[in-house]
Amino acid sequence: MKSLKNSFLLLIILGFNVMSCAPTANFDVKNKSESGFENPVLGGDYPDPSVLRDGEDFYLTHSSFEYYPGLLVWHSTDLIHWTRISHALNEYVGSVWAPDLIKHNNKFYIYFPAGGTNWVVTADSPAGPWSSPHDLKLPGFIDPGHVVDESGQRYLYLSKGYVVKLAADGLSTIGEPVLNYAGWEFPKEWSTECFCLESPKSTVKDGFYHIIVAEGGTAGPATSHMVVTGRATSPYGPFENSPYNPIIHTENRSERWWSQGHGTLVDDVEGNWWMMYHGYEKYFHTLGRQTLMVPIEWTEDNWFRVPEGVKSFDKLAVPAGKPSEDGSGLSDDFDTNKLGLQWQFFKDNDFSRVVFENGELLFRAKADRFEESSPLLVNASDQKYEVTVDLQSTRM
């Protein structure tokens, strides 16, 4: 058992006025070495990953739901060891799902759904500062995925198989969304939650627009979720479904990783391809959907697939790239007057409640009911951990 005070601090303190947390050591790095790695790449609830390579650097973000600051951005040079570098969203706009992190004309964008519409934030660097969120006024859809055609026209792929044009600056849409992809019909006898075509992402390669989507439902039976793909010579289609569908899928409940889906492709610095996606770990659903990765190969006729025999629970070869330091630990010694990027509020973003004093964090509680307390949290990332909390109260 690893010891970590302050891990997964559900600090719903009701009427308590102040709490303090003592400093501790960092998490050990697990399952990662120069000779290979084992999933998860990011342990804990980091679902719907969107990953981008920019030169020799990789950047990743994921769903942040009701936790703020939101849209945590990570950096790596090897796709295995990740360090938090910024939060892209500081203004509360609702529960944040399935973002898409992209670079276009030397500017970084994150498109994401929240609060019944879709938004975008921008920055000159993934480390920030990030802009305030721009409302795309695009209700009724989730999981936007950015794509650019040969002429430079920008689009967003949307849930349910729709596409809409974007303005040149990427901050507004042009016209109405139109249906462009009907998805892949999986066998009716498969145990799934729903058809649920969502999370469209795009990779353009050798004249083809590859659309990559999730189907089957994200949190139903163990075998529900999956990654499927189709390709076309235009962002509008028509799309031909891959003969290798589903690209990723949990075949039965005996596997370690359940409900695997929501994939994004990325190439490393030597041209090897990888897919990042998420899955629940069997027996550890409370850790959420963890970030996983497997290698991808391209066939001679320009389809992609997971190499035969490769499984997400195998020890896998390390991607090409300069080795990174691991910065995913949760511990904090509170030696500065600033919270580490691992900390988030639930449905709140009020840093005035946080005070640093003699190497301790003093956290002022609020409200009289659990559901209104807006606790300060970190994301549990290990199967076993220890929590130690000191409480001070003037009212019981």
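The values are calculated or read from the model by the stated rules, or taken from the named source; none is laboratory data. Owing to the predicted nature of the structure, the values given are computational and were not obtained by experimental measurement. When we count neighbours, we look across all protein chains shown, and the Cβ atoms used for this are built from the backbone with ideal geometry, even at glycine.
Given Ser151, Ser125, Ser132, which one is in contact (Cβ under 8 Å) with a residue 40 or more places away in the chain, surrounded by fewer than 16 Cβ atoms within 10 Å (Cβ to Cβ), of a type in the set (S, T, N, Q) and farther than 21 Å from Tyr46 by Cα?
Sole residue among the options that is in contact (Cβ under 8 Å) with a residue 40 or more places away in the chain, surrounded by fewer than 16 Cβ atoms within 10 Å (Cβ to Cβ), of a type in the set (S, T, N, Q) and farther than 21 Å from Tyr46 by Cα: Ser132.
For region 341-366, which positions are assigned to a loop (DSSP other than H, G, I, E, B) and in contact (Cβ under 8 Å) with a residue 60 or more places away in the chain?
Correct list: Leu341, Gln342, Lys347, Asp348, Asn349, Gly359, Ala365.
Is there a residue in region 201-217 that is surrounded by fewer than 22 Cβ atoms within 10 Å (Cβ to Cβ), of a type outside the set (A, V, I, L, M, F, W, C) and within 20 Å of Tyr46 (Cα to Cα)?
Scanning region 201-217, I find at least one residue that is surrounded by fewer than 22 Cβ atoms within 10 Å (Cβ to Cβ), of a type outside the set (A, V, I, L, M, F, W, C) and within 20 Å of Tyr46 (Cα to Cα), so the answer is yes.
Can you tell me which residues in region 373-396 are of a type outside the set (Gly, Ala, Ser), more than 30 Å from Arg256 (Cβ to Cβ) and modelled with pLDDT under 85?
Thr388, Val389, Asp390, Leu391, Gln392, Thr394, Arg395, Met396
Go through region 57-75 and give me each residue that's of a type in the set (Gly, Ala, Ser) and either part of a strand (DSSP E or B) or in contact with a Lys or Arg (Cβ under 7 Å, 6 or more places away or on another chain) (or both).
Gly70
Which of the residues belonging to region 299-330 are assigned to a loop (DSSP other than H, G, I, E, B), more than 18 Å from the chain's Cα centre (by Cα) and aliphatic (A, V, I, L, M)?
Matches in region 299-330: Val306, Val310, Ala317, Val318, Ala320.
Within region 89-115, take every residue that is touching a Gly at 6+ places or on another chain (Cβ under 7 Å) and among the small types (Gly, Ala, Ser) and give me the one that is farthest from Ser64 (Cα to Cα).
That would be Gly115.
Condition first: part of a strand (DSSP E or B) and surrounded by fewer than 24 Cβ atoms within 10 Å (Cβ to Cβ). Now tell me which residues in region 82-100 satisfy that.
Within region 82-100, Thr83, Arg84, Ile85, Ser86, His87 meet the criteria.
Taking the condition of being out of contact with any strand residue (DSSP E or B) (no Cβ under 8 Å at 6 or more places or on another chain) and within 28 Å of Asp206 (Cα to Cα), how many residues in region 107-156 meet it?
So the answer is 3.
Name the residues in region 336-384 that are over 30 Å from Val41 (Cα atoms) and buried (at least 19 other Cβ atoms within 10 Å of the Cβ), would you?
Matches in region 336-384: Phe363, Ala365, Ser373.
Of the residues in region 282-331, how many are of a type in the set (Phe, Trp, Tyr), farther than 22 Å from Asn272 by Cβ and surrounded by 12 or more Cβ atoms within 10 Å (Cβ to Cβ)?
Selection size over region 282-331: 1.
Please tell me if Glu56 is farther than 24 Å from Val387 by Cα, among the charged types (D, E, K, R) and modelled with pLDDT under 95.
Considered against the rule, which asks whether it is farther than 24 Å from Val387 by Cα, among the charged types (D, E, K, R) and modelled with pLDDT under 95, Glu56 comes out as no.
Return the residues of region 230-246 that are farther than 29 Å from Ser151 by Cβ and under 24 Å from the mean Cα position of the chain (by Cα); say none if nothing qualifies.
Asn245, Pro246
Take the conditions part of a strand (DSSP E or B) and at pLDDT 95 or above and apply them to Val120. Does it pass?
Spelling it out, Val120 is indeed part of a strand (DSSP E or B) and at pLDDT 95 or above.
Residue by residue through region 338-372, note down the ones that are among the charged types (D, E, K, R) and in contact with an Asp or Glu (Cβ under 6 Å, 6 or more places away or on another chain).
Lys347
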